[in-house]
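Report on one structure; see the data block that follows.
The values are calculated or read from the model by the stated rules, or taken from the named source; none is laboratory data. All figures in this text were calculated on a predicted structure; none of them were measured in a lab. We place every Cβ from the backbone using ideal geometry, glycine too, and count neighbours over all the protein chains shown.
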Amino acid sequence: MKALIFENELKQVEIPESECQNNEALIKIKMAGICNTDIEILAGYMNFHGVIGHEFVGVVEEVAGDSSLIGKRVVGEINIGCGSCEYCLRGLQRHCPSRNVLGIFQKNGAFAEKITLPIQNLFPVPDTITDEEAVFIEPLAACIEIFEQIHILPGESVAVIGDGKLGLLIAIVFNQFGCRVSLIGKHRDKLAIAAKSGIEIHQSDKEFSTKFPIVVEASGNASGLVKALALIRPRGTIILKSTYHGEVSLDTSKIVIDEINVLGSRCGRFGPAIRLLEHKLIHLDELISGIVPFDDYIKAFELARQKNTLKVLLKF
Ligand SMILES: [Zn+2]
Ligand SMILES: [Zn+2]
């Protein structure tokens, strides 16, 4: 089967088809999304070498064990836990110390004709969700994770820093929840997408006279963290969604003096993300910059790297 392997460079190669181990399903990929994490992996993030890609929708072809999933269209949670540690037993496979992560850590990813994943990671996709929308379930779940981590009141003011794919999606989710969202970004076109759903948009963080109880940093740049500290009110919560290359130097005194909570936030549960899409509560069409055939991966990655691009999808 064809797969996109990263080993010093990204190339499409022919590799043997994956085989289902115990409790795994073999999934034929229909569509996959290019995430910033994929682009970071190409720059050395996680030191990962193998098949990249973790946002996908596909159809189950084979199952080791339960056959009721065969033929079903599915998406899959990307963290594969050991199944027996204290985290896995609490349903937190995404914090299992010996987890593998699809296309990111010790597990071949979704930019391939077929992948395997444990059955418990899979979620059938309702018919009302298109393939294009289904690819967003993974990043959407990462946005909803914030609501599992802190108690947020509807109507609360939230600043989101970063108008990339994730920042926009976070702003849209908070807006849907009823928060008063201010999105701070650099790209007029991307900000305009948010403005259409009633999100306040800003091209500078200097425009605010009042501070926010919640600031989400999703700019992908360490300078976003400095901005977040400038925007947060005493006793507020800064939510960090970006991973940065290397270390960040930061004046931590403000965090102490203003008693600020700093909360890291990564992957989330798929169930709520599926429900938001199933009931058409979130609209994603405008977040798609291109749908490119899998064989044209070079073109797809070139497009994904451009500054004004949002989500690029690979079609199989
Ligand atoms: Zn991702
Ligand atoms: Zn575990």
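Take the residues in segment 4-23 that are in contact with a helix residue (DSSP H, G or I) (Cβ under 7 Å, 6 or more places away or on another chain) and not in a loop (DSSP other than H, G, I, E, B), then tell me which one is nearest to residue 302 (Cα to Cα). Steps first, answer last, please.
Taking segment 4-23 as the starting set, the residues that turn out to be in contact with a helix residue (DSSP H, G or I) (Cβ under 7 Å, 6 or more places away or on another chain) are 4, 6, 10, 12, 23.
Still in the list and also not in a loop (DSSP other than H, G, I, E, B): 4, 6, 10, 12.
Values: 4: 15, 6: 15, 10: 12, 12: 15 Å.
Ranking the candidates gives 10 first.
Out of curiosity, is residue 198 in a loop (DSSP other than H, G, I, E, B), farther than 20 Å from residue 139 by Cβ and touching a strand residue (DSSP E or B) at 6+ places or on another chain (Cβ under 9 Å)?
Values: in a loop (DSSP other than H, G, I, E, B): yes; farther than 20 Å from residue 139 by Cβ: yes; touching a strand residue (DSSP E or B) at 6+ places or on another chain (Cβ under 9 Å): yes.
Yes; evaluated as a whole, the condition is true for this residue.
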**Complete:** Reported set for segment 277-291 where residues are at pLDDT below 95 and out of contact with any strand residue (DSSP E or B) (no Cβ under 9 Å at 6 or more places or on another chain) is 279, 280, 281, 282, 283, 285, 286
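Taking the condition of being more than 22 Å from residue 17 (Cβ to Cβ) and crowded, with 18+ Cβ neighbours inside 10 Å, how many residues in segment 39-73 meet it? Even if it seems obvious, please write down each step before you answer.
Taking segment 39-73 as the starting set, the residues that turn out to be more than 22 Å from residue 17 (Cβ to Cβ) are 39-47, 68.
Next, only the ones that are crowded, with 18+ Cβ neighbours inside 10 Å stay: 41.
Residues that pass the stated criteria total 1.
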**Asked** Hey, residue 117 hits all of (1) of a type in the set (A, V, I, L, M); (2) in contact with a strand residue (DSSP E or B) (Cβ under 7 Å, 6 or more places away or on another chain); (3) surrounded by fewer than 20 Cβ atoms within 10 Å (Cβ to Cβ) but one; which does it fall short on?
**Response** (3)
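Could you look through segment 64-118, keep only residues that are hydroxyl-bearing (Ser, Thr, Tyr) and in contact with a Cys (Cβ under 6 Å, 6 or more places away or on another chain), and pick out the one that is nearest to ligand 1 (Cβ to nearest atom)?
Pass one, segment 64-118, residues hydroxyl-bearing (Ser, Thr, Tyr): 67-68, 84, 87, 98, 116.
If we keep only those that are in contact with a Cys (Cβ under 6 Å, 6 or more places away or on another chain) too, we end up with 87, 98, 116.
Details: 87: 21, 98: 21, 116: 19 Å.
Checked segment 64-118; the qualifying residue nearest to ligand 1 (Cβ to nearest atom) is 116.
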**Fill in**
Apart from one, (1) surrounded by fewer than 17 Cβ atoms within 10 Å (Cβ to Cβ); (2) of a type in the set (S, T, N, Q); (3) at pLDDT 95 or above all hold for residue 237; the odd one out is (1)
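Do the conditions hold for residue 131, that is, is it of a type in the set (D, E, K, R) and out of contact with any strand residue (DSSP E or B) (no Cβ under 6 Å at 6 or more places or on another chain)? First the steps, then the outcome.
Values: of a type in the set (D, E, K, R): yes; out of contact with any strand residue (DSSP E or B) (no Cβ under 6 Å at 6 or more places or on another chain): no.
When the stated conditions are applied, residue 131 does not pass them.
Suppose the filter is crowded, with 20+ Cβ neighbours inside 10 Å and either β-branched (Val, Ile, Thr) or within 16 Å of ligand 1 (Cβ to nearest atom) (or both); does residue 174 pass it? Can you show your working first?
Values: crowded, with 20+ Cβ neighbours inside 10 Å: yes; either β-branched (Val, Ile, Thr) or within 16 Å of ligand 1 (Cβ to nearest atom) (or both): no.
Spelling it out, it is not the case that residue 174 is crowded, with 20+ Cβ neighbours inside 10 Å and either β-branched (Val, Ile, Thr) or within 16 Å of ligand 1 (Cβ to nearest atom) (or both).
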**The one condition in (1) closer than 21 Å to residue 7 by Cα; (2) assigned to a strand (DSSP E or B); (3) aliphatic (A, V, I, L, M) that residue 117 fails to fulfil** = (1)
**Asked** Hey, residue 127 hits all of (1) within 14 Å of ligand 1 (Cβ to nearest atom); (2) assigned to a loop (DSSP other than H, G, I, E, B); (3) of a type in the set (Asp, Glu) but one; which does it fall short on?
**Response** (1)
**Complete:** Within segment 142-165, the count of residues that are in contact with a Lys or Arg (Cβ under 6 Å, 6 or more places away or on another chain) and either closer than 24 Å to residue 76 by Cβ or within 13 Å of ligand 1 (Cβ to nearest atom) (or both) comes to 1
**Asked** Out of segment 84-101, which residues are near ligand 2 (Cβ under 8 Å from one of its atoms), out of contact with any Pro (no Cβ under 8 Å at 6 or more places or on another chain) and either in a loop (DSSP other than H, G, I, E, B) or among the small types (Gly, Ala, Ser) (or both)?
**Response** 84, 96, 97, 98, 99
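Report, by residue number, each residue of segment 218-240 that is assigned to a loop (DSSP other than H, G, I, E, B) and either in contact with a helix residue (DSSP H, G or I) (Cβ under 6 Å, 6 or more places away or on another chain) or small (Gly, Ala, Ser) (or both). Write out each step before concluding.
Of segment 218-240, the ones assigned to a loop (DSSP other than H, G, I, E, B) are 218-221.
Across segment 218-240, the qualifying residues are 218, 219, 220.
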**Request:** Go through segment 149-171 residue by residue and tally those that are surrounded by 24 or more Cβ atoms within 10 Å (Cβ to Cβ), in contact with a strand residue (DSSP E or B) (Cβ under 7 Å, 6 or more places away or on another chain) and part of a helix (DSSP H, G or I).
**Result:** 4
**Prompt:** Which condition does residue 34 not pass, out of (1) over 21 Å from residue 165 (Cα atoms); (2) within 20 Å of the chain's Cα centre (by Cα), if it passes all the others?
**Reply:** (1)
